[in-house]
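What follows is a single structure, written as structure tokens, with notes after it.
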Amino acid sequence: MIKTSCRAFFLCLVPYLLQAQFIINSPMTRSVIQRNAANRAQLTIAGKAPGTAATIEARLIPMVVGQGTPSDWTLVATVNNDQTFRGTLPALGGWYRLEIRAKSANTVVADTAVNRVGVGEVFVIAGQSNAQGGIATDVPPAIDDRVSCIDFFQRDQIDTQTFPFLFSHVSAGASIGPSNAPYLWGILGDSLTKRLNVPILFLGAAQGGSNSTEWANSAAAAPITLPYQRVSATLLYYISRLGMRAILWHQGESDSGISEQTYFNNVNSLITKSRQQLSHSRLAWLVSRASYISGATNGQVIAAQNRLSNEVADVYAGPATDGLIGPDNRVDDIHFGGQGLVRVANLWNQSLTDLFFSQSIPFTPSADTIRTDAGWQAVTSGTVFSSLQRVGYRYESSLHNFFLLVGASSPVEGRLERLDSGDFTDTSWSALTITDSSDYANPGFSDYGYLRFYAPGGVSPGRYRLSVRPVGDKGTGYQLETVLHDFRNTLFIGNEPTPPVTQQGDLVIGSNLDLPQANFAAPGSVGNFVVNVFEVAGLPTSTGNVQLTITVPVGYTLAFAPTLTSINVSGGDHNPIVVTNGQWKVSQSVGARQLTLTMNLGAFIRGGGKSSLGFSITRTTANSGSTDHITVNVKDDLAELLNNNVYVRVINSL
């Protein structure tokens, strides 16, 4: 039975009351720490404790059942004389609510929590415009909550003094800082979270129109210049704190007339430079095979890109994209758009193979040396009100267009004030418009509920104060000061809504169902799928005491083979999938549509582990055009009635 504790609900509602006493500087919400080859990481936990606290304890609770492994309360730090603390907590790959409590002897004097803390995979994206994005406007967001970015953009120069350490979801309009648009990366993030069941963080370090010689020369310059400065700053500022799996390189379209050897030397010099900067000689790169531009390809570039993955250690072949042409793939015969984005994202997903993840050696920084400051932050004044979730803006300097963006659970007012010399005069308060009912369909606002648009040409570059307050409030509001940067930038993230978090001990078994291709074209069509049963409380199940019931709709039949050891999932990218059908027996069958399976005596699921079962479903008499669902119900107590621990997958008869 899924339950939500009153204590967890209280913590979700009042973080600002607690922060006055108990400040957490690390980790940040939506941040992702790179896991090692054993699916582990050390979370650095740092902050300032209440005056009476002596020790700090922490534990991890998965945000969603099956998306991580819970931990028990663990002593992580002793409070210093100045009330600061710093320590580490071991974690397995997952997406967590980090709960932290301060104690004096055996008494808890304060507690708080950080939602959406990730241990997973971190990637840096580099290259030119087909890595950077920004051309296509019909860009889908990441659907999975576990795909993260840093929502800021620096176009003409890189200034690490203004790099924030504030993480966001990859929504349709987010920037993937410091240099990229969302483009195809939200699509790829969804594919990777589904495959790997860990969160994904993308950092953008590409530059449109750049060629490999410019990259090589800028990396060799002293000091380093653009375009390589984008990669260098990202590695030294972000990756030194978070770790990373690999650099994803897509570039080659701008290298007309280059020789194979020159291109090879140029990119190889970048690979060497990046490894030197991180002191990690095995930093992985994935190199796309890309040269197509306006009807022409370049065999010299492709040959060099193939040589890089064949001849340079820890360089892997990325997607070959020259074959994706035509208006369905490229919006201008150069840049990807529409279904082309989906196809390129799928090619990247296929290039990031299971073999790549098993062979590549991620960079994981030492927890003792990781910085725990909050990075650049807007200068703020006033008080954060409880309904405020986020504040940001979108700016287009060439047109002087400005949108004030606010996420809040109730209506808000906002205003803009110029702080340096300039001719901006509209400093009035005005109620913000609900984004969904506004005249602006720009996807750059997709995760902000309210906006205010200032007339075209009215906001010239400079330093401004953004103020927001609840409708009806007559005070000065919550104020943020910043120099305006192009595109979308998030300045503040506060009390973001979260789903109920299942507490340790509330539920010990969860499940999901893997069936990417769920369309059945005709009677007799067969689909293969896998059900994964997870143990989520960190303790092994009792032997022979786990039961699963799976039901398919009328017009379909279900089959289970107890001798099956692997299966090709319909629509799966990484077949065959290993299954453990031999651990289970069918204890009840109803009309070939419902099977109840029980783990064999002696078989169990280890703490934090899973058991995977392979099934086949066949369409028999289901009507064309009908939509229905497969239902999975799992429990860990054979005396218990079927509870509401249910997983549902929609299927369609074409």
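The packing ranking, built from the mean of other Cβ atoms within 10 Å per residue, places the peptides 419-427, 357-365, 51-59 in the order 51-59, 357-365, 419-427, highest first.
Can you pull the semi-axes for the chain, root of five times each eigenvalue of the Cα gyration tensor, sorted largest first, whole Å?
Values: eigenvalues 314, 230, 135 Å².
Each semi-axis is √(5λ); the values are 40, 34, 26 Å.
With each run of n ≥ 4 DSSP H residues scored as -39500 (n - 2.57), what mean residue ellipticity at 222 nm is computed for the chain after dividing by its residue count and rounding to the nearest 500 deg cm²/dmol? My calculation for the chain gives -4000 deg cm²/dmol from helical runs alone.
The spacing between region 45-71 and region 358-415, judged by their C-alpha centroids, is 23 Å. Mind checking which aspartates and glutamates have their Cα closer than 16 Å to the Cα of Lys474? Skip sequence neighbours fewer than 8 apart in that chain. Correct list for Lys474: Glu413. Taking all protein chains into account, the per residue accessible area for region 379-493 stands at 42 Å² (1.4 Å probe).
On the accessible surface of the chain, probed at 1.4 Å, how many percent belong to carbon and sulfur atoms? List each step's numbers first, then the result.
Numbers: 13120 of 25400 Å².
The nonpolar share, carbon plus sulfur, comes to 52 percent.
Per residue, the accessible area of region 16-375 comes to 34 Å² when a 1.4 Å probe rolls over the protein heavy atoms.
With θ taken as phi - 60° and the Karplus curve 6.51 cos²θ - 1.76 cosθ + 1.60 applied, the whole-hertz 3J(HN,Hα) list for region 222-229 is 10, x, 4, 10, 6, x, 5, 3 Hz, x standing for glycine and proline. The chymotrypsin sites (Phe, Trp or Tyr not before Pro) of region 22-122 meeting both criteria, a DSSP state outside H, G, I, E and B (loop) and at most 15 other C-beta atoms within 10 angstrom of the site's C-beta, are Trp73.
The values are calculated or read from the model by the stated rules, or taken from the named source; none is laboratory data. It should be emphasised that the depicted structure is a prediction, and the values quoted were computed from it without experimental measurement. Counting neighbours? That spans all protein chains shown, and the Cβs are built from the backbone with ideal geometry, glycine included. With ligands, DNA and RNA removed, areas are computed over all heavy atoms of the protein, side chains included. Shrake-Rupley method; radii C 1.70, N 1.55, O 1.52, S 1.80 Å.
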